[in-house]
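The values are calculated or read from the model by the stated rules, or taken from the named source; none is laboratory data. Values in this document were obtained by computation on a predicted structure and should not be read as measured data. Cβ coordinates were reconstructed from backbone atoms using ideal geometry, including for glycine residues, and neighbour counts include every protein chain displayed.
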Ligand SMILES: Cc1cc2nc3c(=O)[nH]c(=O)nc-3n(C[C@H](O)[C@H](O)[C@H](O)COP(=O)(O)O)c2cc1C
């Protein structure tokens with residue numbers, strides 16, 4: 001039964017269309033990042049959002065209370081960078097794709113993302129395989145607008 005529900009759940013979640021973001025941060029001084037669709041606005045006061053991050057993900061050790069990270073909202077044309085950050089490959093190989101810079105704190109950010117939302121980890125809730133990471137927004141950089149990069153049924157729309 002559990003296996004059946006898991007399989008059905010996976011199939012159903014494929015039908016939940018979602019904008020792709022990259023979550024980028026530093027882990028032991030090195031840039032790290034993953035592709036993520038489980039990113040959502042949480043509260044306006046204080047401005048905050050949640051991201052659900054697999055506890056096995058390379059960025060997870062860089063997301064303790066007080067750590068800084070960036071949510072980079074992707075747009076059409078970012079398929080290659082999304083594919084790279086969605087794979088288990090070395091972080092050096094991920095950051096070789098796309099146009100990357102860093103803010104004054106050294107947090108990596110994708111220069112042509114729709115927006116770079118810089119956050120500081122405020123709270124972490126562990127649940128199942130993932131951590132729900134609550135981040136307070138400390139700075140936002142808006143860039144040129146385009147169509148969002150939307151993931152649906154295992155492909156980009
Ligand atoms: C479209 C897409 C959405 C993803 N969304 C999430 C997510 O919300 N949370 C998460 O932990 N992993 C998510 N992943 C998986 C991670 O991106 C992937 O496991 C990670 O990049 C592996 O890299 P790592 O070995 O550096 O941890 C997603 C992957 C793709 C392709």
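Within the group 57, 84, which residue is touching a residue at least 12 places away in the same chain (Cβ under 8 Å) and under 19 Å from residue 152 (Cα atoms)? Before you say what the answer is, go through the steps one by one.
Numbers: 57 fails: under 19 Å from residue 152 (Cα atoms).
Answer to the check: 84.
Condition check ((1) closer than 16 Å to residue 27 by Cβ; (2) assigned to a strand (DSSP E or B)) across all residues:
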| site | (1), (2) |
| --- | --- |
| 82 | no, no |
| 92 | yes, no |
| 97 | no, no |
| 109 | yes, yes |
| 116 | no, yes |
| 141 | no, yes |
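Can residue 48 be described as under 24 Å from residue 155 (Cα atoms) and surrounded by fewer than 19 Cβ atoms within 10 Å (Cβ to Cβ)? Steps first, please.
Values: under 24 Å from residue 155 (Cα atoms): no; surrounded by fewer than 19 Cβ atoms within 10 Å (Cβ to Cβ): yes.
For residue 48, the condition - under 24 Å from residue 155 (Cα atoms) and surrounded by fewer than 19 Cβ atoms within 10 Å (Cβ to Cβ) - is not met.
Any idea which residue in segment 53-67 is surrounded by the fewest Cβ atoms within 10 Å (Cβ to Cβ), counting only those that are more than 10 Å from the ligand (Cβ to nearest atom) and farther than 22 Å from residue 93 by Cβ? Walk me through it before giving the result.
Our first condition is that a residue be more than 10 Å from the ligand (Cβ to nearest atom); within segment 53-67, this holds for 61-67.
Checking which are farther than 22 Å from residue 93 by Cβ leaves us with 64-67.
Details: 64: 10, 65: 11, 66: 7, 67: 19.
It comes out as 66.
Quick one: would you say residue 50 is within 11 Å of the ligand (Cβ to nearest atom) and either within 20 Å of residue 143 (Cα to Cα) or in contact with a strand residue (DSSP E or B) (Cβ under 7 Å, 6 or more places away or on another chain) (or both)?
Numbers: within 11 Å of the ligand (Cβ to nearest atom): yes; either within 20 Å of residue 143 (Cα to Cα) or in contact with a strand residue (DSSP E or B) (Cβ under 7 Å, 6 or more places away or on another chain) (or both): yes.
The answer is yes for residue 50.
Restricting segment 36-47 to residues that are out of contact with any strand residue (DSSP E or B) (no Cβ under 6 Å at 6 or more places or on another chain) and part of a strand (DSSP E or B), which is farthest from the ligand (Cβ to nearest atom)? Lay out the reasoning, then the answer.
To start, the set of residues in segment 36-47 that are out of contact with any strand residue (DSSP E or B) (no Cβ under 6 Å at 6 or more places or on another chain) comprises 43-45.
Remaining after also requiring part of a strand (DSSP E or B): 43-44.
Values: 43: 19, 44: 22 Å.
Going through the qualifying residues, I end up with 44.
Can you list residue pairs whose Cβ atoms sit under 6 Å apart, with the first residue in segment 2-20 being within 27 Å of residue 73 (Cβ to Cβ) and part of a loop (DSSP other than H, G, I, E, B) and the second being away from the ligand (no atom under 16 Å from the Cβ) and at pLDDT 95 or above? Count only pairs 6 or more apart in sequence or on different chains.
none
I need the full set of residues from segment 129-147 which are more than 21 Å from residue 44 (Cβ to Cβ) and either surrounded by 15 or more Cβ atoms within 10 Å (Cβ to Cβ) or away from the ligand (no atom under 14 Å from the Cβ) (or both), in order please.
Step one: of segment 129-147, the residues more than 21 Å from residue 44 (Cβ to Cβ) are 129-131, 143-147.
Matches in segment 129-147: 130, 131, 143, 144, 145, 146, 147.
Do you know which residues across segment 90-123 are within 16 Å of the ligand (Cβ to nearest atom) and under 18 Å from residue 67 (Cα atoms)?
108, 117, 119, 121, listed by residue number.
So residue 126 clears everything in (1) modelled with pLDDT of 95 or more; (2) in a loop (DSSP other than H, G, I, E, B); (3) more than 10 Å from the ligand (Cβ to nearest atom) except one condition, right? Which one?
Here residue 126 clears every test but (2).
Only residues in segment 29-43 that are over 16 Å from residue 110 (Cα atoms) and touching a residue at least 60 places away in the same chain (Cβ under 8 Å) count as the first member; pair them with residues that are within 6 Å of the ligand (Cβ to nearest atom) and not in a strand (DSSP E or B), Cβ under 7 angstrom, at least 6 apart or cross-chain, and list the lot.
37/20
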